[in-house]
Each structure stands twice: as structure tokens, then as C-alpha cells.
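Worksheet: the structure to be examined is printed underneath.
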Amino acid sequence: MSFHEVRFPTNLSFGALGGPERRTEIVTLSNGFEERNTPWQHSRRRYDAGMGLRSLDDVEAVVAFFEARQGQMFGFRWKDWADFRSAAPKAQITGEDQVIGMGDEVQTAFQLVKNYASGTANYARPVTKPVLGSVLVAVGGEALVEGVDFEVDHLTGIVTFNHPPDLQGEVTAGYEFDVPVRFDTDAIVTSMATFQAGEVPDIPVVEVRV
């Protein structure tokens, strides 16, 4: 897939509207009961970074970023200010934030995930675009050292250990992450409000599978 490892300017994505989207197929039976099914294993996020009155420099930066991605052609990184870290909003990130697997003395590669729990239900979201230098890892509560005990592929979110974690050793991780997205339009509409400011009413972006 065509993807540029560059992040949309974070000062411009701050305040964007958006969040997770699911797809559910619902069939209502003759007795009034429903059958519900989903073809999606994972949710997909959508955002709109449409800007109100902003400086001409901001408008120019958005247009330049859009042109460099060739509209919908190339994906890019997006910081979701409402959900971009493994820990709770006010908590410090640690290597024990998220469980990403269990050691079996054989497996060496583990995908970063973020777990969303409510009641007895849990959804494990794959994290494929961790932020460089932010990943902390522990096994059985013991902090490990990147470059010595493990490596992180920041293009896929896969953590690879130099030696397989011990049997039943809980593999955990903490990190910041971006969302892989693309523009959901091939046209950006801008307008000049004053000689010093302009606006871009709609900048729709949508998450892509990587």
C-alpha cells in the first residue's frame, strides 16, 4: 500500500472531530427478533480537520501537505488527540500499560495492541504506527531495554525479542501511537477571509488498513 511515514501537522489536527466507526449488518426477522453480524473485525476511524479562521501559513501548510500526498493517493500518520497513548489520559506511560501476549518460550514477535474493556467484553486494537522512541516493554513486570532485549518496527508496530519470553511470562508494552489514514477527498476547498487569514471548511480523513 502507498504510505508516507509523515505526520499531519499536529497543531492543525488539534480540535478535529472524529472517532471509531463500525459496520453492522442487521436483519429483522418476522417475529421481531434481530440477527446482527459484522464483516469488520476492527473498527475504522474517521476525522474532519476542517479549519475555521486560520493564518495564511496554516492554510498553505494544509494545501502543501495535501498536494504532497496527491489527494487520496498516499496515506500518512495522524495524531488522534483524544486517543494516542497506551495509558489513561492523566497517567504516565509505563511498560506495563497493555498486555500484548504471553510467553511460550517459542514466539519472539508480538503485535502492539491497545485493549478497550467494558464489563466482560474486551476489544484489542492493533497498533501499527507507534511513535519513534516512545515504546516501553516489560515481561512479567520486568522492564526491558530496546536495542538490547528487543527491537520495535515503527512501520508495523511489531515488537521482536532477541530471546523468546519465558513460559507464561506476561508481555506488556506502553507507547504513543499515530493512526494510519488518507485523505477522504481529492479536492480541498479554501477561501480567503481577510488579507491575513483564510479557512478550509472540510478536511475529511479516514483510517486505512496497513
Relative contact order computed over segment 123-164 (Cα-Cα under 8 Å; 6+ residues apart), in percent:
37
Taking Cα pairs closer than 8 Å and at least 6 residues apart, the relative contact order of the chain in percent is 27
Pairs of alpha-carbon atoms within less than 8 angstrom and 6+ residues apart define the contacts here; what relative contact order does segment 21-91 have, in percent?
19
Just order 15-21, 26-32, 185-191, 150-156 by mean Cβ neighbour count inside 10 Å, highest at the front, would you?
150-156, 15-21, 185-191, 26-32
Of 125, 22, 46, the most mobile residue in a GNM of the chain (C-alpha springs, cutoff 10 Å) is 22
Which of these, 105, 25, 67, has the largest mean-square fluctuation under a Gaussian network model of the chain (Cα springs below 10 Å)?
25
If you take the C-alpha gyration tensor of segment 1-62, multiply each eigenvalue by 5 and take the square root, what semi-axes do you get, largest first, in whole Å?
39, 16, 8
For the chain, shape from the Cα gyration tensor axes a ≥ b ≥ c, cut at a/c of 1.5 then a/b versus b/c, turns out oblate
Gain upon complete extension [residue 83, residue 106; 0.36 nm per residue less C-alpha separation]:
5.0 nm
Any number yet on Rg/Rh for segment 77-188, C-alpha, Kirkwood?
1.01
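Taking a ≥ b ≥ c as the square roots of the eigenvalues of the Cα gyration tensor of segment 54-117, is the shape rounded (a/c under 1.5), prolate (a/b larger than b/c) or oblate? Mind dumping the intermediate values first?
Working: a/c = 4.34, a/b = 1.97, b/c = 2.20.
Taking the square roots of the gyration eigenvalues as a ≥ b ≥ c, segment 54-117 is oblate.
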To test your reading of the geometry: what angle, between 0 and 90 degrees and rounded to tens, separates the Cα axis of helix 56-68 from the longest principal axis of the chain?
60
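Work through the residues other than residue 192 whose Cβ is under 14 Å from its Cβ and net out their charges, Lys, Arg +1 and Asp, Glu -1. Don't skip to the answer; put the middle values down first.
On the way: positive: 54; negative: 57, 58, 60, 199.
Local net charge: -3.
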Could you please state, rounded to a whole Å, how far the C-alpha centre of segment 56-82 is from the C-alpha centre of segment 1-37?
20
For the chain, set up a GNM with springs between Cα atoms under 10 Å and report which of 104, 58, 80 has the largest fluctuation.
104
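Computed from the coordinates by the stated procedures, all read-outs in this text should not be read as laboratory data. Not measured: the values here are computed from a predicted model. Reconstructed Cβ throughout: ideal geometry from the backbone, glycine too, with neighbour counts over all protein chains shown.
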